[in-house]
1. With the requirement that a residue be at negative phi, without any contact (Cβ under 8 Å) to a residue 24 or more places away in the chain and surrounded by fewer than 16 Cβ atoms within 10 Å (Cβ to Cβ), what does segment 244-291 give you?
2. Confirm whether residue 294 is touching a residue at least 40 places away in the same chain (Cβ under 8 Å), outside the structural domain of residue 81 (by TED's automatic domain parsing) and in a loop (DSSP other than H, G, I, E, B).
3. Within segment 1-18, track down each residue that is buried (at least 16 other Cβ atoms within 10 Å of the Cβ), at negative phi and assigned to a helix (DSSP H, G or I).
4. Of all residues in segment 54-65, which are more than 23 Å from residue 23 (Cα to Cα) and in contact (Cβ under 8 Å) with a residue 12 or more places away in the chain?
5. Identify all residues within segment 246-274 that are in contact with a helix residue (DSSP H, G or I) (Cβ under 6 Å, 6 or more places away or on another chain) and under 25 Å from residue 69 (Cβ atoms); write none if there are none.
6. Any idea how many residues of segment 112-136 are more than 14 Å from the chain's Cα centre (by Cα) and assigned to a loop (DSSP other than H, G, I, E, B)?
7. Tell me the residue from 79, 9 that is touching a residue at least 40 places away in the same chain (Cβ under 8 Å) and within 27 Å of residue 136 (Cα to Cα), please.
C-alpha cells in the first residue's frame, strides 16, 4: 500500500474536517493508502514532520485552505520532495488553488481524485526564501486576510474579506513602486499589484483568464490610483471578466524573473499568508510539483 501523509488544519472551516476525519481515513484506506495523520499547528512543526517522513511516504495530502496548502508545499520543497505527489482536500475560507485545479469542495469527492492517482506537474513561484502555488501580491489591502478574525471568517466565509476590505477603502493611498522584469518595467504610484500563477485569486474567477499553472509564465496585474467609486466599478468588471483594457489596470505576462522594490511600509501576501518585506525577488520553477488533478489533460 502507498503511504500517505495526511496533514490537516484543525481550525479551517470551523473544524468541519476533523469531525469527518475517521471517514476520510477510511475512504483513503479503501483507495489503497496507508494513512499517517498529522494535525498541523505551525510551520516549524510541519517541516519537522515532513522531514521525518520523507524517506518512506509516497503521497502528501493537505486538508485546509490556500494557507495550509502554501505551508505544506513549502515544507515539501525544503525537504526536496518534488517527486512526491500532492493531494488537496479543500477546507475553509479561501480555496482558490483547489478552484483553479477543479478539485471538488466535497471532502469525499476530493478523495476520489486522490484515489484516481492522475498527476499533473504544475509550476511553482518562488519569492525571496519561500514558494507560492497561486499568487503573490502587495499593496494597502494586503493586511485584510491577516486582520480578519477566524470567527468572522468561519461565520461568513469569503464575505468576511470583502467586508474587511470595504472597511479599509477610505485609508487607501497610492504607493510608489518599481516592478522590473525582462518584458516590462512599471515605475509609478499604484494601489496594489497581483502576480498570478493560476487564474483565480480572492474568489475572483476571471481575474486572469489566460493564466495557467503549466505555461511557464506569471500573470501580472497592476491597479493604478483611482477614486474609490471608480475602483469599485473596476472590481465589478473583474467579477464579469471584462476588466482587460480598462485604463486603471495594467496587465502583462512574464517568464520572470521579477524584482519589486517599494519604499512605503505596506504589506505583502503569498497564497493567503503574510508575505516577505520588500524588495521581492520572484521567479518561476516550471513543472516543479506533481499534483493530483481531475484529469491528466488539465492545463
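1. If the condition is that a residue be at negative phi, without any contact (Cβ under 8 Å) to a residue 24 or more places away in the chain and surrounded by fewer than 16 Cβ atoms within 10 Å (Cβ to Cβ), then 244, 247, 265, 277, 279 are the ones that fit.
2. Answer is yes for this residue.
3. Correct list: 12, 17, 18.
4. 54, 56, listed by residue number.
5. 271, 272, 273, 274
6. Just the residues of segment 112-136 that are more than 14 Å from the chain's Cα centre (by Cα), to begin with: 112-121, 128-129.
In the following step, the residues that additionally are assigned to a loop (DSSP other than H, G, I, E, B) were identified as 117-118, 128-129.
Within segment 112-136, residues that are more than 14 Å from the chain's Cα centre (by Cα) and assigned to a loop (DSSP other than H, G, I, E, B) number 4.
7. One residue alone meets the criteria, 9.
One line per residue, one yes/no per condition, for (1) modelled with pLDDT of 85 or more; (2) assigned by TED's automatic domain parsing to the domain that holds residue 73; (3) under 20 Å from the mean Cα position of the chain (by Cα):
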| residue | (1), (2), (3) |
| --- | --- |
| 190 | yes, no, no |
| 210 | yes, no, yes |
| 225 | no, no, no |
| 274 | yes, no, yes |
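The values are calculated or read from the model by the stated rules, or taken from the named source; none is laboratory data. Note that this is a predicted model, so its numbers are computed, not measured. No Cβ is skipped: glycine too gets one built from the backbone with ideal geometry, and neighbour counts run over all protein chains shown.
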